[in-house]
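Everything on this sheet refers to the single structure shown next.
The values are calculated or read from the model by the stated rules, or taken from the named source; none is laboratory data. Source: prediction; values computed, not measured. No Cβ is skipped: glycine too gets one built from the backbone with ideal geometry, and neighbour counts run over all protein chains shown. The protein model used for the area step is the full one, side chains on, heavy atoms only, and it has no ligands, DNA or RNA in it. Shrake-Rupley method; radii C 1.70, N 1.55, O 1.52, S 1.80 Å.
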Amino acid sequence: MYALIDVNSFYASCETLWRPDLLNKPVVVLSNNDGCIISRSAEAKKLGVTMGAPYFQQKALMERAGVVVFSSNYALYGDMSQRVMTTLEAICPRVDIYSIDEAFADVSGIGELETFGRYIRDRVYQCTRLTVGVGIAPTKTLAKLANHAAKTWTKTGGVVDLSNPLRQRKLMALLPVSKVWGVGRRLSARLNAMGIENALQLAQSDIGFIRKNFSVVLERTVRELRGESCLAFEEVPATKQEIISSRSFGQKVSDYQQVREGICTWAARAAEKLRAERQYCRYVSAFLKTSPHDDHEPYYSNRAGIALSTPTHDTRDIIAAAIRCLESIWREGLHYQKAGVMLGDFFSQGVAQLTLFDAYAPKANSEALMNVMDPLNKQGKNRLWFAGQGVRQEWGMKREYLSPAWTTRLSDVPVCR
């Protein structure tokens, strides 16, 4: 039996949590470089603010309605997410973290499931002041539907238990097929054209027909809707096959030094992620892109990669390789919108047989240096950084509406008077 716990309007809720004056007011959070709307409070939804819409398209509407706008504050969201997950792990036997604001909990063997769901909801609110919806069901897909109902219909009190097959059928009959986990817009349109319009009709579809006309993934979804658990519970996240660190520049950049600083920064971040996975890599690549919507210069996008002699997770090696890639794809006179670094070909240890022609031998004391850097940088962003990353970083992400680092910077901690 699964319980899906999902924080309501997570990013917007994190912002209003530290601003009591915004209670019951419309709030939205924007994506990188203040581009699109990625989170809305309930009040903003009622005003017709569109999820995923570019900010400039909705700006006039929001200004007229008095909507409060925030840039993405990832340090705050990451910290609050950790608090939520720590709370769940303290009260649930097993927890499978699905995303920054969602987690599945194994609630098998627990008697009063709805009562336990309300306990989860109350405990998370007590510890974090964030409100969650709890959906309980025998499969992950049904738990997703239950969670949607818990967050949509206020009469549920934020908790829906679908352990009863009759309740499963009643809910599925009410929800369009597009609300089923994994059924996107295009797939939903195809199913609608075949007369499958709600989740119950999908659950009652012939398995052979689904397998023949769609895929084994949708077949698995149908089985899950029927109460057959097909998605395993994973307490430990699967090892990544590649790591990508990239970001759009705050403004278009044509200066090589600024782009180089960006590549160094993203290479350093990718190396940190690699070490967190306890992996080593033998492949490093970097890419550059101009804007595809710019009518004043031709679109340019290119990528270059380097295979390393030995697996490494040393930031210095990864930065050096990324810069070599950048040098091979750089074109003067263009205005670049985005760049990034990708790591691949992972190993569980940094050992390989060198040949007489290998130019890059492993650095001495690499492990010791990385083991000093990572704990220091966890205490505060960029306590230690490499000179190639720059100091001012004028190319950095545009965040005009950034809130304070309420939980991660001492100077920003709220003061009670």
Gain in length, Ala173 to Thr115, computed as 0.36 nm per residue apart minus the alpha-carbon separation, to one decimal in nm? 18.4 nm
For Trp406, the accessible surface traced by a 1.4 Å probe with all protein chains present amounts, in square angstrom to the nearest 10, to 40 Å²
Take Glu242 and Lys398, extend 7 Å from each Cα along the Cα→Cβ direction, and tell me the distance between the two endpoints in nm. 2.8 nm
Solvent-accessible area per residue, Å², over the stretch 172-298 with all protein chains present [probe radius 1.4 Å]: 55 Å²
Any idea what angle helix 113-128 forms with the longest principal axis of the chain, computed on alpha-carbon atoms, 0 to 90 degrees, nearest 10? 40 degrees
Output the 0 to 90 degree angle, nearest 10, between the alpha-carbon long axis of helix 74-91 and the longest principal axis computed from the alpha carbons of the chain. 50 degrees
Of the accessible area of the chain, with the probe set at 1.4 angstrom, what percent is carbon plus sulfur? 50 percent
Looking at the chain as a GNM with Cα springs under 10 Å, which of Asp255, Asp101, Asp314 has the largest mean-square fluctuation? Asp255
Chymotrypsin sites (Phe, Trp or Tyr not before Pro) lying in DSSP loop within the stretch 89-166, provided at most 14 other Cβ fall within 10 Å: Trp153
Using only Cα atoms, find the angle between the long axis of helix 256-276 and the longest principal axis of the chain, and express it within 0 to 90 degrees, rounded to the nearest 10. 60 degrees
Rounded to the nearest Å, what's the spacing between the alpha carbon centres of the stretch 379-417 and the stretch 273-290? Just the number, please. 24 Å
Taking Cα centroids, how far is the stretch 91-163 from the stretch 311-336 in Å? 45 Å
The chain: radius of gyration and largest Cα-Cα distance (Dmax), Å: 24.3, 72
Residue-span extension gain [Leu410 to Asp255] - 0.36 nm each, minus C-alpha spacing: 52.3 nm
